[in-house]
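Working notes for the structure below.
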2 protein chains.
Amino acid sequence: MGADFLPHGERVGRLRFGLDEKEALLLFHAQNIRYLTGFTGDDAALLVGPDWLTLLVDGRYVTQARDEAAAAEVLEFRNRAEGILTAARQRSLERIRFESPCICVEEHLRLRERLVGIALEPEADLFGALRAVKDAGEIERIRQAARIAAEALAAVRPLIRPGVREAEIALELEYRMRLSGAEQAAFETIVASGPHSALPHARPGKRVIAEGDFVKVDYGAVFEGYHSDETCTFAVGRATDRQREVYRLVREAHDRAIGVIRAGVSCAEVDRAARSFLAAQGLGDHFSHGTGHGVGLEVHEAPRLAVGREERLAAGMVVSVEPGVYLPGLWGVRIEDTVAVTEGGCDILTPTAKDFTLL
Amino acid sequence: MGADFLPHGERVGRLRFGLDEKEALLLFHAQNIRYLTGFTGDDAALLVGPDWLTLLVDGRYVTQARDEAAAAEVLEFRNRAEGILTAARQRSLERIRFESPCICVEEHLRLRERLVGIALEPEADLFGALRAVKDAGEIERIRQAARIAAEALAAVRPLIRPGVREAEIALELEYRMRLSGAEQAAFETIVASGPHSALPHARPGKRVIAEGDFVKVDYGAVFEGYHSDETCTFAVGRATDRQREVYRLVREAHDRAIGVIRAGVSCAEVDRAARSFLAAQGLGDHFSHGTGHGVGLEVHEAPRLAVGREERLAAGMVVSVEPGVYLPGLWGVRIEDTVAVTEGGCDILTPTAKDFTLL
């Protein structure tokens, strides 16, 4: 792996911008903690002060936390709220701003009860675009995850034929991704055939592939914590003119969206490039989801490429581009790549060709 | 599958005991919603009134919700908080008691903002022992999950030999469980060899099994939503007298805990049966976790078999029994079965024999 991560210290530095001396940020979200410290375990809490960083873990994780999170002070807790109280007192904190989407009401009540005299303030979006903009090391890992996934799909393609069950293909694909170095599948692999392909999120089941099916495969791998996300739709045996035509239109919507991506363009503009094209073809009602989403330590993260999202893309953001057309009861087509935004355009990280393919 | 589930209506009936007319319970937790309605999707909300039941889902899940949750009224929402507001107004609610460990502070703020004039009250433990006591249909599914898992382990055993990587064994085991009908692995399979076996929760990695290792395999399958949980510790090639001795003692602790289980006994007593025995052998400091936990729609659920847990076992509860001894830097042994509590004792659901085994 040639490309380097931004040092953790620099990431933390950006987050703590504007913190005053008696103030700290409180994080519970595992991927946010990993991003800032390198710690890969669960059930931790992280306090970010203006010039200090305290990682709180239970007994199971002390050794691992010291190894992985070299820049943080590691404190062991038996009870998380008690641990936070201890750390807050050590630093004489007067105010804690916490990740409100990542802390449950029950834990919040326990904290409030204990943190007497300390203001607890909810923050809906502590990270903003911080995690959305990837450094070279992150992009390289997403690319590697996508490569592992695509090689596994290439190996499993001969199974996509009449008589084979969806669930069998999904299992073999996940198995091969892991054999080739994926830590796990990025999400529950979708293999949706025939009428199932008309459901945006079908679970692979006992349905057996038949001649004339579209088979939609939405899949990804995790490599060193980073996810990939790609969708290929294959035709099996034969295809009607209408199937070929809709495939061509979804492909064009996909290409148009990718064509407008570059730093400075708004998320909504990318969505519009795909959506207005499909609408002009009379397929607008059949494209029932957003055009894409950020991909990184989580498979769905900021930004979202959807109607009304006026945030602007920045170089280093990694997003999926995945228009689809779903004809209920009949079949559907989705074509998805994951791309890294650059100043002048984007790099496609998912290597599978998206031409119409008859298997 | 001969054994039947308790009808969903009867489950809901027990939960709504004591609700008055202007009051409802609000649930977000996917397994709790599945337990009460049969709906297997994500991202839903369930309102339980004194004589009505409303399941709120987004557009992706409407068809599935109507199919699976026959006893509930299904409402579609675009925004979950708005959907809850609509349902609450239809029923003229004055009070909503919500699952405080399952709702984040951010969602709670959004609800509070919208539900003007309706009291929102946190409930830390809405379910109490309700889900902890399993019916015959649930126990049968856990038994089936355990059977699928054990057969897969039997098939993979020849791989547990010098020269094979931990991660390879874990992958093959998960693959075979799914080939045999498991929906997925019950949790990230642990295969921890040599010094790794001394960590209670090691992740399987690149370490290669060596002659003289203990190999700890903690694994389970999911069948129709229900989990199994079992740990086997094998010796590879040869074992020292000390290894054999510690294995024998952990086995005896395990047998003693299982020996005291029956309806009416407290959770702490079961824990004590294992813990006091190991302490008397000078191994108390090396048994660093609780003796067990409930197993069902989640792999960790109520009750917990641990120090200070004075709740009493009831017939139909399903719990793991998993004492372990961990000698840091050297090796560890854990022996775990999952059992169903009966009036006079318990049924062991995990079929693998726990005798000392040299592979």
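The values are calculated or read from the model by the stated rules, or taken from the named source; none is laboratory data. It should be emphasised that the depicted structure is a prediction, and the values quoted were computed from it without experimental measurement. Neighbour counts are summed over all protein chains in view; Cβ atoms, including those assigned to glycine, are modelled from backbone coordinates with ideal geometry.
Tabulated results
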| item | result |
| --- | --- |
| Residue list for segment A:177-211, filter: outside any loop (DSSP other than H, G, I, E, B), surrounded by fewer than 19 Cβ atoms within 10 Å (Cβ to Cβ) and within 10 Å of another protein chain (Cβ to nearest Cβ) | A:179, A:184 |
| Pick from segment A:72-96, criterion under 19 Å from residue A:37 (Cα atoms) and either exposed (fewer than 14 other Cβ atoms within 10 Å of the Cβ) or of a type in the set (D, E, K, R) (or both), ranking: modelled with the lowest pLDDT | A:80 |
| Conditions (1) away from chain A (no Cβ under 13 Å); (2) among the basic types (Lys, Arg); (3) assigned to a helix (DSSP H, G or I): number failed by residue B:238 | (3) |
| Residue, modelled with the lowest pLDDT, within segment A:10-37, restricted to residues that are on the phi < 0 side of the Ramachandran plot and in a loop (DSSP other than H, G, I, E, B) | A:17 |
| Filter result for the condition that a residue is more than 25 Å from residue A:181 (Cα to Cα), touching a helix residue (DSSP H, G or I) at 6+ places or on another chain (Cβ under 9 Å) and hydroxyl-bearing (Ser, Thr, Tyr), over B:228, B:193 | B:228 |
| From B:40, B:54, residue being assigned to a strand (DSSP E or B), of a type in the set (S, T, N, Q), in the same structural domain as residue B:79 (by TED's automatic domain parsing) and touching a helix residue (DSSP H, G or I) at 6+ places or on another chain (Cβ under 9 Å) | B:54 |
| Residue list for segment A:185-203, restricted to those being free of Cβ contacts under 8 Å to residues at least 24 places away in the same chain and within 15 Å of residue A:153 (Cα to Cα) | A:188 |
| Failed item in (1) within 14 Å of chain B (Cβ to nearest Cβ); (2) assigned to a loop (DSSP other than H, G, I, E, B); (3) more than 27 Å from residue A:319 (Cβ to Cβ), with residue A:168 passing the rest | (2) |
| Filtered residues of segment B:102-118 (kept if more than 13 Å from chain A (Cβ to nearest Cβ) and not in a loop (DSSP other than H, G, I, E, B)) | B:114 |
| Failed item in (1) aliphatic (A, V, I, L, M); (2) closer than 17 Å to residue A:216 by Cβ; (3) over 20 Å from the mean Cα position of the chain (by Cα), with residue A:321 passing the rest | (3) |
| Residue selected from segment B:78-96 under the condition within 14 Å of chain A (Cβ to nearest Cβ) and of a type in the set (A, V, I, L, M, F, W, C), by the criterion farthest from residue A:101 (Cα to Cα) | B:96 |
| Residue in segment A:288-307 that is surrounded by fewer than 17 Cβ atoms within 10 Å (Cβ to Cβ), on the phi < 0 side of the Ramachandran plot and free of Cβ contacts under 8 Å to residues at least 12 places away in the same chain present | yes |
| Selection count, segment B:57-93, where residues are out of contact with any helix residue (DSSP H, G or I) (no Cβ under 9 Å at 6 or more places or on another chain), in contact (Cβ under 8 Å) with a residue 60 or more places away in the chain and not small (Gly, Ala, Ser) | 1 |
| Selection count, segment B:164-219, where residues are farther than 17 Å from residue B:333 by Cβ and touching a His at 6+ places or on another chain (Cβ under 7 Å) | 2 |
| Residue that is modelled with the lowest pLDDT [pool: residues in segment A:204-238 that are farther than 21 Å from residue A:291 by Cα and basic (Lys, Arg)] | A:206 |
| Single residue of segment B:147-165 satisfying the filter (assigned to a helix (DSSP H, G or I) and of a type in the set (Gly, Ala, Ser)) that is farthest from residue B:320 (Cα to Cα) | B:155 |
| Members of segment A:263-287 that are surrounded by 14 or more Cβ atoms within 10 Å (Cβ to Cβ) and of a type in the set (D, E, K, R) | A:269, A:271, A:272, A:275 |
| Number of the condition not met by residue B:162 [criteria: (1) at pLDDT 95 or above; (2) touching a Phe, Trp or Tyr at 6+ places or on another chain (Cβ under 9 Å)] | (2) |
| Residue identified as under 11 Å from residue A:291 (Cα atoms) and of a type outside the set (Ser, Thr, Tyr) among A:262, A:272, A:256 | A:272 |
| Filter result for the condition that a residue is within 11 Å of chain A (Cβ to nearest Cβ) and surrounded by fewer than 22 Cβ atoms within 10 Å (Cβ to Cβ), over B:140, B:99, B:121, B:174 | B:121 |
| Odd one out for residue A:144, checked against (1) touching a residue at least 40 places away in the same chain (Cβ under 8 Å); (2) out of contact with any strand residue (DSSP E or B) (no Cβ under 6 Å at 6 or more places or on another chain); (3) polar (S, T, N, Q) | (2) |
| Subset of segment B:254-278 (residues that are of a type in the set (D, E, K, R) and over 20 Å from the mean Cα position of the chain (by Cα)) | B:255, B:256, B:269, B:272, B:275 |
| Failed criterion for residue B:61 (all others in (1) surrounded by fewer than 20 Cβ atoms within 10 Å (Cβ to Cβ); (2) part of a helix (DSSP H, G or I); (3) within 13 Å of another protein chain (Cβ to nearest Cβ); (4) not charged (D, E, K, R) hold) | (1) |
| Number of the condition not met by residue A:5 [criteria: (1) touching a residue at least 60 places away in the same chain (Cβ under 8 Å); (2) part of a helix (DSSP H, G or I)] | (2) |
